[in-house]
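The values are calculated or read from the model by the stated rules, or taken from the named source; none is laboratory data. All values derive from a computational prediction rather than experimental measurement. Don't worry about glycine lacking a Cβ; one is built from the backbone with ideal geometry, like all the others, and counts go over all protein chains shown.
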Amino acid sequence: MLHRFFLLALLLACVPAAAAAQAKHVVLISIDGLRPDAIEAAGARNLQRMMREGAYTLKARTIVPSRTLPSHTSMLTGVPPEVHGITWNYERVGSTGEVQVPTVFDVAQQAGKTTAGFFGKAKFRHLLRRGAPQFRMAPTGSDLWSAPRITQEVQDYLRHRQPDFVFVHLIDPDIAGHSIGWMSAPYRFAVRRADAAVARIAAAARRAYDDDVVIIVTADHGGHGRDHGTEQDVDMNIPWIAWGPGVTPGEISAPVSTMDSAATALRLLGVPVPENWTGRPVEAAFGGRERGSGVSIQ
């Protein structure tokens with residue numbers, strides 16, 4: 001009997017890290033306009049901590065055009081612009097603007113999961129057809145909601161409800177970049193403000209889910225001068241960080257695409273990823289050998 005006990009203990013000790021308990025809730029945070037090199041340059045302490053404790057790459061890639069609306073649509077649909085059809089970067093809802101392919105909200109809800117979304121820009125209404133996500137909060141018209149406003153809304157919501165998937169959009173670095181310039185002092189301040197918002201959102205999520213949550217932090221594009229949208233690395237490179245239970249710490253060496261974010265969220269939720277999606281789960285973040293799609297549509 002004692003021999004069997006020690007044998008069982010030995011077998012359990014040999015179970016790979018990927019089999020460790022994994023969170024079943026996901027908070028995906030997109031920091032609009034966050035260049036990967038700005039994390040260190042701005043002294044974003046919370047993001048740096050998440051990189052140390054989680055899985056990350058500073059060489060993930062967005063899509064072409066490297067603009068807010070097309071990129072976020074790819075981030076939340078797992079497909080490139082030629083599939084989802086959103087190639088513009090301004091408000092067109094009411095004409096031909098609403099996305100016509102399933103979003104991560106749709107796929108999760110069809111599998112019986114609950115979702116919520118908090119958006120800092122009104123043009124994200126392109127992603128909200130058929131009332132998805134189940135809960136949403138976004139400005140209207142030309143309004144913009146900064147990180148403190150969005151953060152407070154998320155904190156208040158999570159005190160009363162705990163959806164399986166939450167998306168949060170923080171706009172501050174992008175606004176500062178367009179106004180003053182990427183990597184300027186105001187831009188770096190905006191990065192630190194977004195960094196503080198990430199910490200508050202993560203803390204609220206950990207309380208709400210009793211630590212049963214993985215936080216994914218990424219961006220839609222970088223920037224240079226006072227704009228973005230080119231195929232230069234400063235525009236195309238984005239950070240991608242996963243932090244929480246079941247995440248295998250370390251740098252992800254293989255390519256990761258923004259389209260992999262939605263697929264990774266579904267994988268964590270236990271929902272099958274649509275076969276026609278280009279994006280695939282970033283298995284390397286959870287001890288697996290397979291990587292994300294690594295696709296950057298040119």
Please determine whether any residue of the range 254-273 is in a loop (DSSP other than H, G, I, E, B), at pLDDT below 95, in contact with a helix residue (DSSP H, G or I) (Cβ under 8 Å, 6 or more places away or on another chain) and surrounded by fewer than 18 Cβ atoms within 10 Å (Cβ to Cβ). yes
Please determine whether any residue of the range 209-218 is touching a residue at least 12 places away in the same chain (Cβ under 8 Å) and more than 27 Å from Gly112 (Cβ to Cβ). no
Candidate set: the range 212-255, residues that are of a type in the set (D, E, K, R) and within 18 Å of the chain's Cα centre (by Cα); chosen: the one nearest to Arg35 (Cα to Cα): Asp235
Looking at the range 33-65, which of its residues are under 18 Å from Leu170 (Cβ atoms) and either assigned to a helix (DSSP H, G or I) or of a type in the set (Ser, Thr, Tyr) (or both)? Ala38, Ile39, Ala41, Arg45, Asn46, Leu47, Gln48, Arg49, Met50, Met51, Tyr56, Thr62
Of the residues that sit in the range 203-253 and are among the basic types (Lys, Arg) and more than 17 Å from Asp174 (Cα to Cα), which one is surrounded by the most Cβ atoms within 10 Å (Cβ to Cβ)? Arg206
